[in-house]
Amino acid sequence: MTCVRWLRPNDPAWLKYLADVPHDIYHLPGYVETAAQSDDGEPWGLLINQQDASMFIPLLVRKLPAALSIDGWRDATTPYGYPTPLIQSPDDTTTQQLLIALKNTLRECHIVSLFCRLHPLLPWPQVSLRKVGRLVQQGQTVYIDLQRSLSEITAKIRKGYRYDVRKLKQNGFWAQACSWDDISYFRSMYYQTMTRIGAKNYYFFDDTYFDNLKNALGSALFLWLVFSPEHEPIAAGLFSHYQNIVQYHLSGTDERYVSQAPNKLMLLEVMHWAHAQGAAYMHFGGGLSGREDSLFHFKAGFSKQRADFFTYRLIAAPQAYDTLCTRWQEQHQVPLDEMFFPAYRK
């Protein structure tokens, strides 16, 4: 017998389920609720139980684009980050049954499609996901195994980075974790950075987002700043340390100091701090949309270790999906981009 429950973030069953499975900040109800506010979606947790097996997915359920919408239909995505489905199952057959139940549930709730970002460092059932839906490798992410010695870890950092950090320190720059009262420095430098790199509007999170994120993650969220010899904040980053993983979430640099790359100093200091805290991994993430771009190249200088980054795409209502894609093509008069999902949101 299959039992399906849609959970609101304040439902105690949400945290109760997480208590028994490995997960990350992206699965926390407060995080999902915060992500929903910037992604124009409704925050939900979908819990499916089937005898001795279960599945939980944090979701943002969204209205369809107004120009394409079909009455009563919506679609779903996971929040920004790596909120992979959490599955407890004895075998592949049972896992596939859970995924089929997921597909049926979405269709019955008039949800056309589901887009999931999978966690590079948490386990998930590759065989079953390939059989029910589509699994796509987007690229790779960079991480450090902190269970090794600091000397081993430091030896793998790009030689030029080690030189740059030594030079910054010799010139009087330093980095440290700071009080949340200093978040205004981060916001200013983050917005500068997003403007400088031409980021999409999505990444210009408003001030409320950062305060809500801190309220959601509490002591698991850390603000780090880099200071100039004149004691002026010149770079900043947000990092989470939850369970055994430190995540590099967002960062920014004062445009006057970009050429000196002070965030190299920050990331190296955070790595030392994470090692001292007993974290197992420090995860840097990858390039934009999984590409091996300049952002990926920068992160890759800190470690030679890579993890595969996959997304999972599920079409729950094929007929409705095809209708939406046809309408999109009629409006844009260009072929669909089959690599983008869902294609009608390109």
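The values are calculated or read from the model by the stated rules, or taken from the named source; none is laboratory data. Every value quoted in this text rests on a predicted model; they were computed, and no experiment measured them. Here Cβ is always computed from backbone atoms with ideal geometry, including for glycine, and neighbour counts include all displayed protein chains. Side chains included, ligands, DNA and RNA excluded: accessible areas come from the protein's heavy atoms. Shrake-Rupley method; radii C 1.70, N 1.55, O 1.52, S 1.80 Å.
Write down the accessible area per residue of the chain in Å², having rolled a 1.4 Å probe over the full set of protein chains. On a per-residue basis, 46 Å². Along the axis of the charge dipole computed for the chain (Cβ charges of +1 for Lys and Arg, -1 for Asp and Glu, origin at the Cα centre), the listed residues Gly218, Ala53, Val136 are led at the positive end by Val136. More than 12 Å apart: what percent of Cα pairs in the range 203-245 qualify? Counting every Cα pair in the range 203-245, those more than 12 Å apart make up 68 percent.
Between Leu146, Leu15, Leu59, the Gaussian network model of the chain with springs among Cα atoms under 10 angstrom shows the greatest mean-square fluctuation at Leu15.
Could you order peptides 155-163, 82-90 by the average number of other Cβ atoms within 10 Å of their residues, highest first?
Those peptides, ordered most packed to least, come out 82-90, 155-163.
Protein-only accessible surface at a 1.4 angstrom probe places the residues Ile144, Ile100 in the order Ile100, Ile144, largest first. Rounded to the nearest 10 degrees, the angle from helix 29-39 to the longest Cα principal axis of the chain is 90 degrees. Of (1) 17.3; (2) 15.7; (3) 18.3, which one was derived for mean projected area of the Cα convex hull in nm² from the structure shown? For mean projected area of the Cα convex hull in nm², the calculated option is (3).
For the pair the range 254-329 and the range 1-47, the centres of their Cα atoms are 22 angstrom apart. On the chain, 49 percent of the accessible area sits on carbon and sulfur atoms, based on a 1.4 Å probe.
Just add up the charged neighbours of Gln192: K/R +1, D/E -1, any other residue whose Cβ is under 10 Å from the Cβ of Gln192. Computed value for this residue: +1.
About its Cα centre, the chain has a charge dipole of approximately 880 debye under the convention of +1 per Lys or Arg Cβ and -1 per Asp or Glu Cβ, with nothing else charged.
If you add up the charges near Ala36, with Lys and Arg at +1 and Asp and Glu at -1, over every other residue whose beta carbon is less than 10 angstrom from its beta carbon, what do you get?
Taking every other residue near Ala36 into account, the sum is -3.
I need the shape label for the range 179-308. Rule: rounded when a/c is under 1.5, else prolate if a/b > b/c, else oblate, with a, b, c from the alpha carbon gyration tensor. Cα axes put the range 179-308 in the rounded bin. Over all other residues within a Cβ to Cβ distance under 9 Å of Tyr80, the charged ones net out to 0, with Lys and Arg as +1 and Asp and Glu as -1.
For the range 197-211, the Karplus equation 6.51 cos²θ - 1.76 cosθ + 1.60, evaluated at θ = phi - 60°, returns couplings of 8, x, 5, 5, 3, 3, 7, 8, 4, 6, 4, 4, 4, 5, 5 Hz by residue, with Gly and Pro reported as x.
DSSP beta bridges fully contained in the range 226-297 are about 75 percent antiparallel. Of the trypsin sites (Lys or Arg not before Pro) found in the range 238-295, those in coil by DSSP whose Cβ has at most 15 other Cβ atoms within 10 Å are Arg291. Of all DSSP beta bridges confined to the chain, the antiparallel ones make up roughly 90%. Across the chain, the longest piece that holds none of the GluC sites (Glu not before Pro) lying in DSSP loops with up to 15 other C-beta atoms within 10 Å covers 1-229.
Under the criterion of Cα pairs below 8 Å and six or more residues apart, the relative contact order for the range 201-307 equals 18 percent.
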